1. Just checking, does the range 6-22 include any residue being assigned to a loop (DSSP other than H, G, I, E, B), surrounded by fewer than 10 Cβ atoms within 10 Å (Cβ to Cβ) and either at pLDDT 85 or above or in contact with a strand residue (DSSP E or B) (Cβ under 6 Å, 6 or more places away or on another chain) (or both)?
2. With the checklist (1) outside any loop (DSSP other than H, G, I, E, B); (2) under 20 Å from LYS45 (Cα atoms); (3) more than 11 Å from the chain's Cα centre (by Cα) in hand, flag the one item SER87 doesn't pass.
3. Taking the options ALA106, ALA120, name whichever one is under 25 Å from ALA37 (Cα atoms) and not hydroxyl-bearing (Ser, Thr, Tyr).
4. Filtering the range 92-113 down to residues that are within 12 Å of the chain's Cα centre (by Cα) and small (Gly, Ala, Ser), which residue is surrounded by the fewest Cβ atoms within 10 Å (Cβ to Cβ)?
5. Among SER121, SER126, which is open to solvent by less than 80 Å² (accessible area, probe 1.4 Å), out of contact with any His (no Cβ under 7 Å at 6 or more places or on another chain) and hydroxyl-bearing (Ser, Thr, Tyr)?
6. Residues in the range 75-91: is at least one surrounded by 14 or more Cβ atoms within 10 Å (Cβ to Cβ), of a type in the set (Ser, Thr, Tyr) and without any contact (Cβ under 8 Å) to a residue 24 or more places away in the chain?
Amino acid sequence: MNRFASFRRFVLLAAAALAWPAQAFELVTADEARRDAAAPAYATKALSMPGAPTIELLSPDVKRPLAGAVNIVVRWSANDGATIDLSSFRVLYGRLRLDVTERLAAHAKVTPTGVEAPNASLPEGSHRLIIQVADTLKRVGRQEVTFEVAPAK
């Protein structure tokens, strides 16, 4: 195969990959959600350190019940001239604070300005995620998100 044919094949495969809808991935399994729901509740809320990065959930809209796979979009920013330490990014699930960072990151684009994860699915019920990231001054920012996933129709 000559260089032009190889390049053409690469372009066609790349275009097909971009056009193909991303498969949904399980952020949390039904079994993990059941175990978490059975765990004792704790009263402590995830708090950020003073001056820590700010974290904002842009999508999905958690003010109403979610249905099906969702696109997760989070933006963060550092303060006081610091920068984001991407190695500190974590996503913890529920009362048990199950670390689902690798599961999410395997299907996401993580950048110095945030994370985008298309087609994340969760079982029906109540859920809590704690999103955290630190800056180069070791200040940890946390954002706790609670939401409901509606039963599938």
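The values are calculated or read from the model by the stated rules, or taken from the named source; none is laboratory data. Quick caveat: nothing in here was measured; it's all calculated off a predicted structure. A quick note on method: Cβ atoms are made from the backbone with ideal geometry, for glycine too, and the neighbour counts reach across all protein chains shown. Note: areas computed on protein heavy atoms with side chains; ligands, DNA, RNA excluded. Shrake-Rupley method; radii C 1.70, N 1.55, O 1.52, S 1.80 Å.
1. Checked against the condition, which is being assigned to a loop (DSSP other than H, G, I, E, B), surrounded by fewer than 10 Cβ atoms within 10 Å (Cβ to Cβ) and either at pLDDT 85 or above or in contact with a strand residue (DSSP E or B) (Cβ under 6 Å, 6 or more places away or on another chain) (or both), the range 6-22 yields no hits at all.
2. Of the numbered conditions (1) outside any loop (DSSP other than H, G, I, E, B); (2) under 20 Å from LYS45 (Cα atoms); (3) more than 11 Å from the chain's Cα centre (by Cα), the odd one out for SER87 is (2).
3. ALA120
4. Among them, the one singled out is ALA106.
5. SER121
6. Scanning the range 75-91 turns up no residue that is surrounded by 14 or more Cβ atoms within 10 Å (Cβ to Cβ), of a type in the set (Ser, Thr, Tyr) and without any contact (Cβ under 8 Å) to a residue 24 or more places away in the chain.
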